[in-house]
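Report on the following structure.
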Amino acid sequence: MAEQKTLEKHIRRCALSAEIIVVTSGKGGVGKTTTSASLATGLAMSGKKVAVIDFDVGLRNLDLIMGCERRVVYDFVNVIQGEAAIKQALIKDKRHENLYVLAASQTRDKDALTQEGVEKVLEELGKDGFDYIVCDSPAGIEKGAHLAMYFADHAMVVVNPEVSSVRDSDRILGLLASKTRRAERGDGGVTQHLLLTRYNPSRVEQGEMLSVKDVEEILGINVVGVIPESENVLAASNSGVPVILDENSHAGQAYRDTVARLLGESRPMRFLDAPKKGFFQRVFGG
């Protein structure tokens, strides 16, 4: 009987063939959902089959940024509670046929998510041939955030270059190292990637923001991407278009670089230096 249970657990582990990436942070408002949308879109642009799941039960913002809010019929909780099949709830992106969105519920409580239910959904997606599953986590350490990170293979820790954001993220790194399935099994832990958002080189030079090196030294992990502060991010979100699709914006280009690095490509970090002032700016200010 014990051998049968062990075999069943092994089969269930093998079913999770997709790479699971959690996008997380210790603090709200740092750009997790924007990052989840752009990361999932970028992976799909690279030819991968991708599902992006909103774990923020009660709020539900991912579908807005992905531009599919009017197409939500069934949500993540409906699937977990057996009220809908996963194929009924997945929303196919209109721009990329290999990208799918699973929206959060706006009307349910966060307790509607269960570890068993989440695992079942991830298993089904793995069986359906998804290469990547991106989990858009709520901020902090409550239940939804824990479930979003528990099954992860990789974690994209989103941080603003300010002391409070970095401090709160340090606790998230501790949880990733100890409270995930990989940590419990001794499988090497979750691979951690640091993403700096809303980076302003001019403010870094003036000592108003932490530098990339500062953040790396405090948290002890390397930065995989630096997203510059940009009005294009808000404009893209309001129009339901992931900013990675904006080829002309620095933020969109930085997200493309980040996805390429995650896929093993070597790319130099851009947008880390403040623009040089011209002669008249130096003389007359501005």
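Please verify whether Leu122 is under 30 Å from Ile218 (Cβ atoms) and open to solvent by less than 10 Å² (accessible area, probe 1.4 Å), treating the condition exactly as stated.
For Leu122, the condition - under 30 Å from Ile218 (Cβ atoms) and open to solvent by less than 10 Å² (accessible area, probe 1.4 Å) - is not met.
If you scan the range 189-215, which residues turn out to be under 19 Å from Ser230 (Cα atoms) and open to solvent by 60 Å² or more (accessible area, probe 1.4 Å)?
Passing the criteria: Arg198, Arg203, Glu205, Gln206, Glu208.
When you check Glu123 against the structure, is it in contact (Cβ under 8 Å) with a residue 24 or more places away in the chain and either assigned to a helix (DSSP H, G or I) or more than 30 Å from Gln253 (Cβ to Cβ) (or both), yes or no?
yes
Could you say whether any residue in the range 237-251 is without any contact (Cβ under 8 Å) to a residue 60 or more places away in the chain, part of a helix (DSSP H, G or I) and either in contact with a Lys or Arg (Cβ under 8 Å, 6 or more places away or on another chain) or aromatic (Phe, Trp, Tyr) (or both)?
Taking every residue of the range 237-251 in turn, at least one turns out to be without any contact (Cβ under 8 Å) to a residue 60 or more places away in the chain, part of a helix (DSSP H, G or I) and either in contact with a Lys or Arg (Cβ under 8 Å, 6 or more places away or on another chain) or aromatic (Phe, Trp, Tyr) (or both).
Modelled with pLDDT under 95, among the polar types (S, T, N, Q) and closer than 16 Å to Val241 by Cα - does that describe any residue in the range 41-61?
Scanning the range 41-61 turns up at least one residue that is modelled with pLDDT under 95, among the polar types (S, T, N, Q) and closer than 16 Å to Val241 by Cα.
Taking the condition of being over 27 Å from Arg181 (Cβ atoms) and among the basic types (Lys, Arg), how many residues in the range 86-119 meet it?
Of the residues in the range 86-119, 3 are over 27 Å from Arg181 (Cβ atoms) and among the basic types (Lys, Arg).
Name the residues in the range 209-219 that are part of a loop (DSSP other than H, G, I, E, B) and either modelled with pLDDT under 95 or among the hydrophobic types (A, V, I, L, M, F, W, C) (or both), would you?
Those that are part of a loop (DSSP other than H, G, I, E, B) and either modelled with pLDDT under 95 or among the hydrophobic types (A, V, I, L, M, F, W, C) (or both): Met209, Leu210.
Being exposed (fewer than 15 other Cβ atoms within 10 Å of the Cβ) and over 27 Å from Arg270 (Cα atoms) narrows it down to one residue among Gly140, Gly144, Gly186; which is it?
The match here is Gly186.
Kindly evaluate Lys94 against the criterion of being open to solvent by 20 Å² or more (accessible area, probe 1.4 Å) and either of a type in the set (A, V, I, L, M) or touching a Ser or Thr at 6+ places or on another chain (Cβ under 7 Å) (or both).
No: the conditions fail for Lys94.
Take the range 46-92 and flag every residue that is under 16 Å from the mean Cα position of the chain (by Cα) and part of a helix (DSSP H, G or I).
Passing the criteria: Leu62, Asp63, Leu64, Ile65.
Just to be sure, is Ile133 modelled with pLDDT of 95 or more and crowded, with 22+ Cβ neighbours inside 10 Å?
Against the criterion (modelled with pLDDT of 95 or more and crowded, with 22+ Cβ neighbours inside 10 Å), Ile133 qualifies.
Could you go through the range 82-103 and let me know if any residue there is in contact with a Leu (Cβ under 8 Å, 6 or more places away or on another chain) and under 17 Å from Lys143 (Cα atoms).
Checked against the condition, which is being in contact with a Leu (Cβ under 8 Å, 6 or more places away or on another chain) and under 17 Å from Lys143 (Cα atoms), the range 82-103 yields no hits at all.
The values are calculated or read from the model by the stated rules, or taken from the named source; none is laboratory data. Worth saying up front: this structure is predicted, and the values here are computed from it rather than measured. Reconstructed Cβ throughout: ideal geometry from the backbone, glycine too, with neighbour counts over all protein chains shown. Ligands, DNA and RNA are excluded from the accessible area calculation, which covers all protein heavy atoms including side chains. Shrake-Rupley method; radii C 1.70, N 1.55, O 1.52, S 1.80 Å.
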